[in-house]
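The structure under discussion appears below in the form of structure tokens.
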Amino acid sequence: MQLLQTKFHIPEFKADSSISRNRISRLINEGSSIVIISAPAGFGKTTLLSEWVESCNVRVAWVSLEPSENTPALFWSYLITAVSQNLNICDKNCLEQIKSSGISSIENILIGMINEITEDGTEFTLVLDDYHVITDSLILRGIEFLLDHLPSTMRLIISSRETPNLSLSKFRLSGHLCEIGAAQLRFNADETKTLLNEIHHLGLNNSDIISLRDKTEGWIAGLKLAVLSIKDQADLRMFIDKFTGSDRYIIDYLVEEVLSGLPDEVCDFMLKIAIFERFCPEICEFVTGNSDSIRIFNYMEQNNLFLIPLDNQRQWFRYHHLFREFLFKNLKELKNNEIKNLHNKAFKWLKENGYETEAFNHCILAKNFDQAAEYLSIIAPDLFSESGGTILKNSLERLPDVIVNKKPVLCCYSVFMKVMAGDFESSDLLYQDIFKANKVVSGFISTVKGYQYFYQTGEFKKSIEEIKNAIELLSDTHAHVKEMSELILFLALRYSGDLMPVLNYCSKLMNDDNINAFTAINYADTLVEKGELSRALSVVDKSLEEEKLKYGEELRVEYSYLYIIKAEILRERNQIAQALKYCRKGLYLARNKEFFEFIFLGNLVYAKILAADNNFVEADKAITLSVEAAKASSSWGEFMSVAYQVRIELAKGNISFTKKLLKQMGDFSEKEIPYYKHHEFLSFCRYCIFNKYTKRVHEITDFMISEDLPVKRLERLIECYILKAIAWYLDDDLDRSLNILEKAFQISENEGHVRLYIDEGENMQALFKECLKRKLLPEYLNPYIAPPHTKEPKTKISERKSIIINEFKENFNEREIEILELMKKGNSNNEIADTLCLSINTVKWYSSRIYAKLNVKRRGEAVSFAEKYELI
């Protein structure tokens, strides 16, 4: 994402041509952590701040905002960069996080920045100038959060044409807010006299000074424009007497007076360059055709014609906003036919000089939509890779749909983004006759079809075929789409049971410093299926550690599933308290549901852990959430969750509901079982064991063992050996049973698998005891032999509960506990906000965090759960 350094430039304060505003600067210096300066255009807000910056003794980060920054990714990129350039923190990490995953959860990024600012300890002030252009709700929510958690070493100054749409009352009450409005900014009589007589040497008497001051109501832009007009007036008295009304009515008159006194060449030049939000002599020369641009620039500066430099080298400038508005209005009225030509020239220069988004903007303003579409087609792949595709999405929305849908590259990216958001019907647009021979469109069609086969219908072989075709068709120009296609390919390979290509590919990439989360997830999950728990745990820990070094504890959402994988491994090793801790971390990170599969898989693992802890009430809730989330993405995902629900119901002895769930999943008579259905069939095996239908257990496990042995898919192999051993045990063939079980021990001993055994209950306990007699039981499993007819000592139960509660408490901070206490008292969000001096949005944000950590949906459930785990 290209950021303009001119946005960070602090405008120069010219002491010889500006009035000192010390009387107002003192208000800023009084120490309030938040300063709001709000007044209409032309009241000297930026000049006031420029003077204050020159005299203050702290570091200042400055961002000059324009309408283009009303995009969350761009706004936060500028803000974070401004802070980092002053404190040398957070820039690279936070910007990379915005680029890679967007700003759906900006609070996570801000938490990292706030913590770094606090740790750095350097006092500084952040100035956001022209904040009135910001209206996006996501940005406003983030600013609310920043204000509520403003570090003690940081001040925030907001300059705006209108009072910002922020909850400020609590800051007024606490004395942390300084507000400066038009009333304070208006020139008084002394300041008016200094401007008119001491700086501009007009020699006006007190009566004329007071008259001008009253008629402009101390409006600074009006007075400055009056100065430029007065210089050429033969009759000052008549000119002053003609002034009537307030600033709303005199601006047109004053600017017309200023322009009428300028050389025609300068006036024409100034009108033409009003099409730009920012400009340099080179682009002005190209657009206006005037080769004397530098001389005119010098003339404009010498005559104070509202030209504001944007850098210390004085290469880039802008007009005072109010002055530009008038000039542009006059340009449209007087030279309407030329405007399109000016925008076209601006597009050409900006395009040739690498200013992509500005070039596209001028092409749109010229209403050359076809040319704009052609240009956007060229830069679309790069824009798609930035900030989760937000910039490209916004650009596409500025073009008519009929044009987007006829341009192959634009149609491809438009459809692809819609499909990723769940709109599969939009893919019909890719099948237009005009696209039949287009290789890029064919590649995108295969990607979309592969994605649909994988997530919606579970047709993995078709998905693999389509995605391979897509990767072959798509050039490296569309690298980001190819990467996403590769992710789908390896997921499809895994779920179809072909692990080796995934393993080989991911193991090579793991040496790369820029390994992405999805590759780490694929690799770790594949290692788990291979039975290599230690290596999988190492991959997870390495990826999480590298991400934390970049972004701190608040990781990107895709890393949530790495926590889930870690929890699953710890559960298998029977480290239940730690498993609960990491599973909740993962579920919390995935709380905004950007990835539905993380929600259903995360809650599935959570249900397994809770069931392993004999907490079937909460396990039921988690498995229900898993099933509901899975329904939103795929039928095979739903049945994967239902398959584990079968095991929970069997463990509870609820046979009638178990039969209902199995009937829901379909027919279990298949001889050749698709790999992605193995969860369902292994749950069916447990139902057969409960009813002693051992023949079908042998048939199913024999098939899976024959598939797993050649490819060393050891996790499922252990499970099949265990179920087969129990089946032989029920068939009264103890020798065969122990022989099979010994094979399982040989595989699992090095990796520490536990739950695969002990989750099978009484049958496995009986086999453990037989193995112990024959000295077959691995030593690591000895602690899991239950003594006959004894219960776990109360002290042990209490100790285990205490460990779980303490682990649970670690996930909650003091503010969250305070809010839970107030929820318990029945306080509304408004009452909580007033009590804790927070905004409503911040209370809602904390509530969503609490619900995510507790894995609940309602306030009453949150309070009940918090009491159960002794949080309140």
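The values are calculated or read from the model by the stated rules, or taken from the named source; none is laboratory data. This structure is a prediction, so every number in the text was calculated from the model and none was measured. As a convention, Cβ positions derive from the backbone with ideal geometry for all residues, glycine included, and neighbour counts pool all protein chains shown. Just so you know, the surface numbers come from the protein's heavy atoms only, side chains and all, with ligands and any DNA or RNA stripped out. Shrake-Rupley method; radii C 1.70, N 1.55, O 1.52, S 1.80 Å.
Evaluated against (1) part of a helix (DSSP H, G or I); (2) buried (at least 18 other Cβ atoms within 10 Å of the Cβ); (3) modelled with pLDDT of 85 or more, residue 184 falls short on exactly one condition, (2). Within the stretch 305-331, the set of residues being part of a helix (DSSP H, G or I) and surrounded by 15 or more Cβ atoms within 10 Å (Cβ to Cβ) comprises 321, 322, 323, 324, 325, 326, 327, 328, 330, 331.
Residues that are more than 30 Å from residue 274 (Cβ to Cβ) and of a type in the set (Asp, Glu) do not occur anywhere in the stretch 387-400. Does the stretch 213-229 contain at least one residue that is at pLDDT 85 or above and not in a helix (DSSP H, G or I)? Looking through the stretch 213-229, none of the residues is at pLDDT 85 or above and not in a helix (DSSP H, G or I).
If you filter the stretch 1-20 down to residues that are open to solvent by less than 40 Å² (accessible area, probe 1.4 Å) and at pLDDT 85 or above, you find that the one that is farthest from residue 69 (Cα to Cα) is 11.
Taken together, 147, 202 contain a single residue that is assigned to a loop (DSSP other than H, G, I, E, B), out of contact with any Pro (no Cβ under 9 Å at 6 or more places or on another chain) and either closer than 30 Å to residue 110 by Cα or open to solvent by 10 Å² or more (accessible area, probe 1.4 Å) (or both), which is 202. Screening residue 207 against (1) part of a helix (DSSP H, G or I); (2) under 24 Å from residue 8 (Cβ atoms); (3) open to solvent by 10 Å² or more (accessible area, probe 1.4 Å) leaves a single unmet condition, (2). On the basis of being at pLDDT 90 or above, buried (at least 18 other Cβ atoms within 10 Å of the Cβ), over 24 Å from residue 309 (Cα atoms) and of a type in the set (A, V, I, L, M), does residue 126 make the cut? So residue 126 does not fit the description; no. Determine if the stretch 290-304 includes at least one residue that is open to solvent by 10 Å² or more (accessible area, probe 1.4 Å), part of a loop (DSSP other than H, G, I, E, B) and in contact (Cβ under 8 Å) with a residue 60 or more places away in the chain. Checked against the condition, which is being open to solvent by 10 Å² or more (accessible area, probe 1.4 Å), part of a loop (DSSP other than H, G, I, E, B) and in contact (Cβ under 8 Å) with a residue 60 or more places away in the chain, the stretch 290-304 yields at least one hit. Within the stretch 730-763, restricting attention to residues that are assigned to a helix (DSSP H, G or I) and of a type in the set (Gly, Ala, Ser), the residue that is nearest to the chain's Cα centre (by Cα) is 748.
Taken together, the residues in the stretch 536-561 that are within 23 Å of residue 113 (Cβ to Cβ) and either touching a helix residue (DSSP H, G or I) at 6+ places or on another chain (Cβ under 7 Å) or in a loop (DSSP other than H, G, I, E, B) (or both) amount to 14. Does residue 84 meet the test of being modelled with pLDDT of 85 or more and buried (at least 21 other Cβ atoms within 10 Å of the Cβ)? So residue 84 fails the test. Exactly one condition in (1) open to solvent by 20 Å² or more (accessible area, probe 1.4 Å); (2) touching a residue at least 12 places away in the same chain (Cβ under 8 Å) is not met by residue 735; state its number. Failed condition: (2). Residue count for the stretch 663-677 under the criterion of being part of a helix (DSSP H, G or I), out of contact with any helix residue (DSSP H, G or I) (no Cβ under 6 Å at 6 or more places or on another chain) and either touching a residue at least 60 places away in the same chain (Cβ under 8 Å) or farther than 17 Å from residue 720 by Cα (or both): the result is 3. Considering the stretch 38-76, the residues that are small (Gly, Ala, Ser) and under 29 Å from the mean Cα position of the chain (by Cα) include one that is farthest from residue 321 (Cα to Cα), namely 73.
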